[in-house]
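Encoded as structure tokens, the structure appears first; notes follow it.
The values are calculated or read from the model by the stated rules, or taken from the named source; none is laboratory data. Since the model is a prediction, treat every value here as computed from it, not as a measurement. All Cβ positions, glycine included, derive from the backbone under ideal geometry; neighbour counts span all protein chains shown.
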Amino acid sequence: MDRIEFPEAIAGLVPLDRLRAVTAASTAIRDMVIPHFRFTEVISHLTKQHLRWRPGADVEAKCLLLYGKTRVGKTVPLRWYADQFPAFRDEKGMVRRVLYVVAPSGADKHSLQRRILRKLGIQVSLPSDIATAVIDYQLRMQRVELVIIDEFNHLADLKSTEKQYLAADMLKEFANWNSCQLAFSGLDSSLNVLEANGQLLNRSPYREEVKRYDWHATGERVEFINFLAELATALPFRRKLALDDVKVAQRFACASGGLVGLAVEFVAVGAEIAVEQGTTDFKLQHLADAFDV
């Protein structure tokens, strides 16, 4: 990432080097990809959905829905999976085997179409009825095998049930035409989007809940502790708090509710606090202060 430079008027007022160190520490932690149990579960579901791809006019695609609470750890594995299939160009044109799309807030059919078209490299504005056909054509031409639509619950945020239906109906068309396999991910309210469109619901037989870690379940407790141990490796301190200590991990589980995203945020903010204090140790107090932020 390019280094951000500041004018002397700002650099003369703030401890810029220390602030750079503070943000670098937290950014490194937030950017970590830890293949913990829940992460691997999501990757497994996506891989199975991807493997269901069978091109052909006589085939109908199926849809997968991954749903769960906010910060349970859905988006990181989705982005990671898509990143394993970078777009490239060959003698036949552009190839985008996996397309990752974030549904815009309050997404209706038109805004979702525009977002998908942009991800396909199409910048022109098209009428809605034409846009659906163009998306189908481009998905085939660019040899897309799997489309991942994150924040799928944004379709459920629509005030108009009719608009919600139309947005879901467009996705149903892609399944009908076997344009590619489809995977949706979002909050629990994503289920409402399927229920609002019976035809899309029928094409979505695969529905998997991504759950938080349950400290009271022995196996999940072990997995959560292992996750914390990996997270601790990113801490840029001489002496690090043993996050995988059972007593510390239990406090972590209680404070975060077993939500991976929230646990990472506590550590990232705690690291910022410690670096800003100029200490080389990462202590439980830093986490407590992060919890209070």
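A few notes on this one:
- Scanning segment 115-137 for residues that are touching a residue at least 12 places away in the same chain (Cβ under 8 Å), under 14 Å from Met170 (Cβ atoms) and assigned to a helix (DSSP H, G or I) yields a total of 9.
- Restricting segment 240-254 to residues that are among the aliphatic types (A, V, I, L, M) and not in a helix (DSSP H, G or I), the residue that is surrounded by the fewest Cβ atoms within 10 Å (Cβ to Cβ): Ala242
- Put simply, of Lys163, Lys172 the only residue that is under 24 Å from the mean Cα position of the chain (by Cα) and crowded, with 16+ Cβ neighbours inside 10 Å is Lys172.
- Looking across segment 192-208 at every residue that is touching a strand residue (DSSP E or B) at 6+ places or on another chain (Cβ under 6 Å) and outside any loop (DSSP other than H, G, I, E, B), the one that is farthest from Gly261 (Cα to Cα) is identified as Tyr206.
- Every residue from segment 93-113 that is at pLDDT 95 or above and among the basic types (Lys, Arg): Arg96, Arg97
- When residues of segment 108-130 are limited to those that are farther than 17 Å from Leu166 by Cβ and in contact with a helix residue (DSSP H, G or I) (Cβ under 7 Å, 6 or more places away or on another chain), the one surrounded by the most Cβ atoms within 10 Å (Cβ to Cβ): Leu120
- In segment 279-288 there is at least one residue matching the filter, namely being assigned to a loop (DSSP other than H, G, I, E, B), over 26 Å from the mean Cα position of the chain (by Cα) and closer than 21 Å to His36 by Cβ.
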